[in-house]
Amino acid sequence: MINVNCLNNIAACGLKLFSDEYNTESSFEDAQAVLVRSAKMHDMELSDNLLAIARAGAGVNNIPLDKCAEEGIVVFNTPGANANAVKEQVIAAMLLASRDLIGGNKWVADNAEDPDIAKATEKAKKAFAGQEIKGKKLGVIGLGAIGQLVANAAIALGMEVYGYDPYVSVKAAWNLSSEVKYISDVKDIYKECNYITVHVPALDSTKGMINKEAFDLMQDGTVIINCARDVLVDEAAIGEALKSGRVKTYVSDFPNPTTAKMEGAIVLPHLGASTAEAEDNCAIMAVNELRNFIENGNIVNSVNYPNCDCGVCATKGRITVCHKNVPAVISKITTVLGAAGINISSMANQSRGDYAYSLLDIEASAPEAVVEELSAIEGVIKVRVIK
């Protein structure tokens with residue numbers, strides 16, 4: 001029985017994909033697999049039993065990735081599963097920033113008891129007049145699963161779209177509309193675009209990337225949309241940009257004591273992926289990733305170990321090894337197996353930064369003594385027998 005712990009509510013359509021061999025009512029301490037959405041795990045004690053964590057969503061800043069890698073715990077996320085939900089919110093954010101629908105709605109609510117509200121509306125509505133987004137320039141920073149959908153949707157709405165992503169994948173490039181103008185220098189987006197939306201992960205290199213220097217390059221009245229991560233925008237700098245008029249509106253999906261009181265900001269309560277469809281998609285994808293890893297040893301969509309997929313095992317045995325990305329580990333693994341008279345039918349090895357993952361299909365089951373010998377190799381973190 002494989003113990004699974006859900007740190008947050010996970011959609012039932014995902015949980016029902018587990019077979020009878022899985023116990024989804026496990027405690028965290030006993031779990032071999034964990035499903036999580038927003039629960040903060042940095043201060044949690046990680047059990048030796050724990051093999052994998054799947055985040056039902058894209059961002060993984062609530063999970064201690066380095067600590068997990070050190071202990072051979074593979075962490076997954078679900079890129080693209082909530083992409084359409086976020087795309088739709090970004091489009092809505094552009095419209096909210098362009099047409100003062102929020103202000104207009106508030107005026108109606110404030111004047112709901114006025115018997116002449118219909119007549120008063122004709123005089124009041126000019127205070128809430130806006131502009132159309134058709135024909136305006138949109139800069140999309142980050143052309144991953146979400147960014148490419150935003151760019152394509154904006155093209156369909158008649159916008160002129162500029163895209164920036166120095167690491168754009170081949171798949172994303174193929175899916176991107178040919179009408180999107182690919183920009184090699186992000187400064188050109190700051191200079192040219194009326195609307196700017198950011199869709200990059202929160203890394204040391206991206207934190208505060210939209211800062212005073214960026215605002216100094218922008219046109220007056222620029223609209224900034226941030227449905228990615230709050231730390232991507234320098235909040236002190238955008239506060240000043242709003243006061244000066246350089247930024248007309250800042251739409252953020254991340255309320256905090258600064259943004260919640262920021263004049264000129266539309267702040268939403270982290271609703272980007274809050275649709276029933278997105279939650280279902282994330283749950284299904286996360287469960288499938290966990291099952292593939294637990295049952296086959298395959299890694300797909302990991303954020304701390306390399307992807308490594310060899311399909312379903314067709315030999316008598318399969319073992320996996322999480323190890324440091326250092327010389328001689330592979331040769332030592334094969335030497336141990338050879339000395340035990342175990343032939344390797346096929347093998348895959350992938351590395352990612354300081355860590356690597358090896359998956360070996362063997363022509364005999366590995367006895368416990370061999371597993372112990374493999375585990376004792378310097379640089380090896382965790383050995384697991386799949387079959």
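Every number in this text was worked out from the coordinates using simple rules, so none of it is lab data. All figures in this text were calculated on a predicted structure; none of them were measured in a lab. Cβ coordinates were reconstructed from backbone atoms using ideal geometry, including for glycine residues, and neighbour counts include every protein chain displayed.
Some values worked out for this structure:
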item	result
FRET E, pair Ala112, Thr275, Förster distance 30 Å, beta-carbon r, rounded to 0.05	0.55
Cα-Cα separations in segment 306-387 greater than 19 Å, expressed as whole percent	28
Contact order normalised by residue count of the chain, Cα under 8 Å, 6+ apart, percent	15
Angle between the chain longest axis and helix 83-98 axis [Cα atoms, degrees, rounded to 10]	20
Sites Glu21 and Ala173, calculated FRET efficiency, Cβ-Cβ separation with R0 41 Å, nearest 0.05	0.55
Between helix 329-339 and the chain: long-axis angle, C-alpha atoms, 0 to 90°, nearest 10	30
Val371/Ala129 FRET efficiency (R0 56 Å; Cβ-Cβ; nearest 0.05)	0.20
Of Pro166, Asn288, Val75, farthest towards positive along the dipole that unit charges on Lys, Arg, Asp, Glu beta carbons give the chain	Pro166
Qualifying GluC sites (Glu not before Pro) for segment 225-329 [loop in DSSP, other Cβ within 10 Å: at most 15]	Glu263
Check: the chain dipole with +1 on Lys, Arg Cβ and -1 on Asp, Glu Cβ, in debye	1040
Filter on Lys87/Lys125; Lys136/Lys181; Lys87/Lys171; Lys125/Lys191; Lys16/Lys171 - keep pairs with C-alpha separation over 21 Å	Lys87/Lys125; Lys125/Lys191; Lys16/Lys171
Total charge dipole magnitude, segment 306-387, about the Cα centre, Cβ charges on Lys, Arg, Asp, Glu only, Debye to nearest 20	160
Debye, to nearest 20: dipole size of segment 124-166, +1 on Lys, Arg Cβ, -1 on Asp, Glu Cβ	320
Relative packing of 303-312, 357-366, 341-350, which averages over residues the other C-beta atoms within 10 Å, highest first	357-366, 303-312, 341-350
Under the Karplus curve 6.51 cos²θ - 1.76 cosθ + 1.60, θ = phi - 60°, whole-Hz ³J(HN,Hα) for segment 159-176, x wherever Gly or Pro sits	8, 9, 10, 10, x, 10, 6, x, 10, 4, 7, 4, 4, 5, 4, 5, 7, 7
Dipole axis of the chain (+1 Lys, Arg; -1 Asp, Glu on Cβ), positive-most option in Thr320, Ser252, Ala56	Ser252
From phi via Karplus (6.51, -1.76, 1.60), per-residue ³J(HN,Hα) for segment 256-266 in Hz, x at Gly/Pro	8, x, 7, 5, 4, 9, 6, 5, x, 9, 10
